Structures are given as structure tokens and as C-alpha cells.
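Structure record follows, encoded as C-alpha cells.
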Amino acid sequence: MKTKIYTIVLLLVGNIFSSCDSDELEYQNEFKTSQKAWSNFKESTNNSYKYTVANGSWVGIGWETTITVENGIIIQRDFEYLYTEHTPTEILEGIPEDELKWTETENEIGTHEKGAEPILLDEIYNKAQQEWLIERENVTTYFENENNGMISTCGYVENNCADDCFIGITIKSIEVL
């Protein structure tokens with residue numbers, strides 16, 4: 001009888017501890033909802049999709065990287081600088097012509113320095129949970145899920161940082177392949 005009581009008490013205590021939500025993440029509820037949207041998308045597309053990461057600088061130039069994934073394997077990475085007629089010409093003069101826009105396939109993936117890291121959305125969600133959304137002091141954290149519920153902006157900026165301080169990712173689009 002004592003064994004049954006101890007077992008029941010142990011199960012109840014374990015259940016109480018496991019049911020408590022950790023408050024270690026900023027935007028925890030939104031993240032979990034987004035993670036579920038990603039899981040559903042991944043399953044419905046057979047883990048075949050492409051996503052575009054957008055970046056930019058306060059000096060007037062931006063760039064986009066599109067990562068293409070087929071059956072859970074990165075098969076292509078495309079990069080392109082974006083600029084307007086108002087972008088200072090000295091910025092563009094320092095960029096070689098063949099670096100303004102390029103495509104990597106198969107064994108080339110990851111050979112260019114510029115561009116978003118060639119990683120899967122699974123890895124982005126892991127980084128979000130383990131790095132970008134961790135509660136910290138002296139930062140402003142951002143999380144948006146405007147890609148049909150999946151991550152669109154995730155990261156943080158240290159307080160009092162002046163320019164180009166965002167640490168994280170901005171995903172412009174996530175599409176079925």
C-alpha cells in the first residue's frame with residue numbers, strides 16, 4: 001500500500017513540475033504557435049520549400065538570399081544585392097560585378113562569404129529557441145510570424161546600439177517548392 005501511495009505522490013509531483021511553463025523565452029506562446037505552423041507546413045510540403053532572407057544596412061544597400069530545400073536537403077542558394085538610385089555609388093564601386101548576384105548549387109553551397117547562412121528552417125527554429133529569443137537584460141527582442149504563421153522576424157538588438165545591430169533573422173517569404 002505504501003508503495004502505491006509513494007508512486008502516486010511521485011507521479012503527481014512530477015506532473016506538476018513538467019506542466020509548469022518555462023519563462024526562459026521571450027514570445028514563448030507565439031513561438032510555440034509558429035513552431036506548430038512550421039511543423040504542419042513541413043509535413044504538407046514533404047520538407048520541400050524555399051525561403052528568402054532579407055538584410056540591409058543603414059547606408060542604403062540591402063541584399064536577399066533564397067535557400068531552396070528539397071526533401072530536407074539544401075539544393076540551392078541564391079544571393080542578390082538590392083539598391084536604389086539613392087544608394088551612394090561608392091558603396092557599389094567596392095563590390096565586384098560577379099558578387100552582386102550569384103547562385104550556388106550542390107557542392108558549391110556555402111562557398112560565398114556573403115548571404116544568409118545555408119541552413120534549414122528546422123535549424124532556424126532551433127536558433128530562435130536557443131539563441132535569439134532567450135530572455136536577456138539590456139536588449140529589445142523581436143518575434144513576428146507573418147509567413148502564414150511561420151517566423152518572419154526573430155532576434156534582438158542590444159539597447160543603445162546605433163546602427164546595424166539586429167542579431168537574428170528576417171525571413172521575407174516561405175514558399176512551397
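Gly60 satisfies every condition listed in (1) within 30 Å of Glu85 (Cα to Cα); (2) modelled with pLDDT under 95; (3) surrounded by 14 or more Cβ atoms within 10 Å (Cβ to Cβ) except (3). Selection of region 121-137 for residues being more than 17 Å from Lys50 (Cβ to Cβ) and under 8 Å from the mean Cα position of the chain (by Cα) yields Lys127, Ala128.
Listed conditions (1) in a strand (DSSP E or B); (2) crowded, with 17+ Cβ neighbours inside 10 Å are all met by Glu175, apart from (2). Scanning region 141-161 turns up at least one residue that is more than 26 Å from Glu24 (Cβ to Cβ) and not in a strand (DSSP E or B).
When Glu123, Glu137, Glu158, Glu106 are checked against the criterion of being in contact (Cβ under 8 Å) with a residue 12 or more places away in the chain and farther than 26 Å from Ile61 by Cβ, a single residue qualifies: Glu106.
Looking for something surrounded by 15 or more Cβ atoms within 10 Å (Cβ to Cβ), more than 11 Å from the chain's Cα centre (by Cα) and either closer than 18 Å to Phe79 by Cα or of a type in the set (Gly, Ala, Ser) (or both) - is there at least one such residue anywhere in region 139-162? Looking through region 139-162, at least one residue is surrounded by 15 or more Cβ atoms within 10 Å (Cβ to Cβ), more than 11 Å from the chain's Cα centre (by Cα) and either closer than 18 Å to Phe79 by Cα or of a type in the set (Gly, Ala, Ser) (or both).
This table checks each residue for (1) at pLDDT 95 or above; (2) out of contact with any Gly (no Cβ under 6 Å at 6 or more places or on another chain); (3) under 21 Å from Lys32 (Cβ atoms).
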{"site": "Thr87", "(1), (2), (3)": "no, no, no"}
{"site": "Leu92", "(1), (2), (3)": "no, yes, no"}
{"site": "Leu100", "(1), (2), (3)": "no, yes, no"}
{"site": "Leu133", "(1), (2), (3)": "yes, yes, yes"}
{"site": "Gly155", "(1), (2), (3)": "yes, no, yes"}
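Summed over region 163-172, the residues that are under 19 Å from Thr68 (Cα atoms) and either modelled with pLDDT under 95 or surrounded by 17 or more Cβ atoms within 10 Å (Cβ to Cβ) (or both) give a count of 3.
Tally the residues that are in contact (Cβ under 8 Å) with a residue 60 or more places away in the chain and among the acidic types (Asp, Glu), restricting the search to region 69-103. Before you say what the answer is, go through the steps one by one.
Step one: of region 69-103, the residues in contact (Cβ under 8 Å) with a residue 60 or more places away in the chain are 69-70.
This time we only want the ones that are among the acidic types (Asp, Glu), so: 70.
Summing the residues that are in contact (Cβ under 8 Å) with a residue 60 or more places away in the chain and among the acidic types (Asp, Glu) in region 69-103 gives 1.
Only one entry in Thr52, Thr66 is free of Cβ contacts under 8 Å to residues at least 24 places away in the same chain and touching a Ser or Thr at 6+ places or on another chain (Cβ under 8 Å), namely Thr66.
The values are calculated or read from the model by the stated rules, or taken from the named source; none is laboratory data. Predicted model only: the values in this text are computed from it and were never measured. Here Cβ is always computed from backbone atoms with ideal geometry, including for glycine, and neighbour counts include all displayed protein chains.
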